[in-house]
Amino acid sequence: MKFLPLVWRNLMRKKTRTVFTLLAVLCTFLLFGFLMAVRQGFVTGARLPGADVIFTIAKSGGNQGMPQSYGDRIAAVAGVADVMRIGGGGFYFQTRKNSIGVGAVESKGLFRMFPELNVPHEQRETWMHDRIGAIVRDDIAKRFGWNVGDHVPLLSYEHPGKTLEVNIDGIQDTHTGSIHVGFGQIYVHFDYLSTWTGDDSVGAFVERAANPAQTSAVAQRINAVLANSTVPSKSVPMQAMVQSAISRFGDIGAIAIAIAIAALIGMLIVTANTMAQSVRERVAELAAMRALGFTRLQLIWLVLGESLCLTAVGGLIGLGLAWLTTVLLGPAFSKTVPGLYFSPVVIAVGVGLIVLLSLIAALSPSVRAVRLQVGSALGVR
């Protein structure tokens, strides 16, 4: 700490160079933080349920629904342990830019199918006994400032002028070991939404296989039973969907990491060059300091302090701006990257990189300062 004033004065010798170096560091860590948040968003989006879950939808896709009678036929298939109807629709809160995907699920079926959903027990019970109750993901609740007990009106894209009234009975924690079901950002009761819309068709059926090892075989049996139905459908093990999603998201994550690494290498070159120039310009001063009694270790700490100060100021501001950008742009990216999240891990890795890169940038200048010959540097013969 006693060298801090000296470090700061050395950095301010060439203000323009210092400012541009700080900007380079800031932009690098801003890019790094945001790319890691985007990568986390895709990874979170791929955290879907496990190996014994099957998903049945209409082959035509789109908004075509299936008859409710399919549920009884699927339940009779050998190896099917449970069946749940799901539906949903596009809604918004207050203004159209506040889009919310509403998933309609069966109250008891949701937690039978997905006991891993991280919702407190008392909130589950309240929701199951509240006809207009809703469970909302924590990121959506935070975005709109909703709390448990709030009464919220949602407006429909498909039914202009109609309002879906819901009570916020529970908030799902999506950041502490929970899964992302992927049926919506807010869950309401299937019967409530179907009555509200006047459409009792089913958007999809979710099945759980009695034996996880037989999931693919059960999916094939369901396909065979519904093969000649009025609305052609297809059943796919959700684990296969997960693997497909992870493979796509993995490519995006690898690209994000590659871009971040390239930016960090560029920043390291700029910072190292700045430190090298700074030490070259002060050879005589460093020699004088050695003559006055400064040790080699003290000179190393001085150079390292300059590099760390330069990198830390720009890096921490950049990480802060990345966090702010994630918070501000999260709602706009909610459909494309539903799990956009600036995690504490990103902060920890960012701080570690700040320290590591500052050490690397100061390595060569420190060696030069240590090997300095006092007499030659001061022009003494």
Ranked by accessible surface with a 1.4 Å probe, highest first, in what order do Asp199, Asp173 come?
Asp199, Asp173
Probe 1.4 Å, all protein chains in place: accessible area of Ile360 in Å², nearest 10?
80
Residues other than Arg85 with Cβ under 10 Å of its Cβ, Lys/Arg counted +1 and Asp/Glu -1, net out at -3
Per segment 100-143, sqrt(5λ) over the Cα gyration tensor eigenvalues, sorted largest first, in Å, gives 17, 12, 11
Highest to lowest packing among 117-130, 212-225, 24-37, 149-162, scored as the average C-beta count within 10 Å
24-37, 212-225, 117-130, 149-162
Cβ under 15 Å from Val236's Cβ, Val236 left aside: what net charge do those residues give with Lys, Arg +1 and Asp, Glu -1?
+2
In nm, spacing of pseudo-spin labels at Lys108 and Lys15 (7 Å Cα→C-beta vector):
7.4
Stick to the Cα atoms of segment 105-231, pair each with every other, and give me the Kirkwood hydrodynamic radius in Å at one decimal.
16.4
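The values are calculated or read from the model by the stated rules, or taken from the named source; none is laboratory data. Just so it is clear, the model here is predicted, and its values are computed rather than measured. Reconstructed Cβ throughout: ideal geometry from the backbone, glycine too, with neighbour counts over all protein chains shown. Note: areas computed on protein heavy atoms with side chains; ligands, DNA, RNA excluded. Shrake-Rupley method; radii C 1.70, N 1.55, O 1.52, S 1.80 Å.
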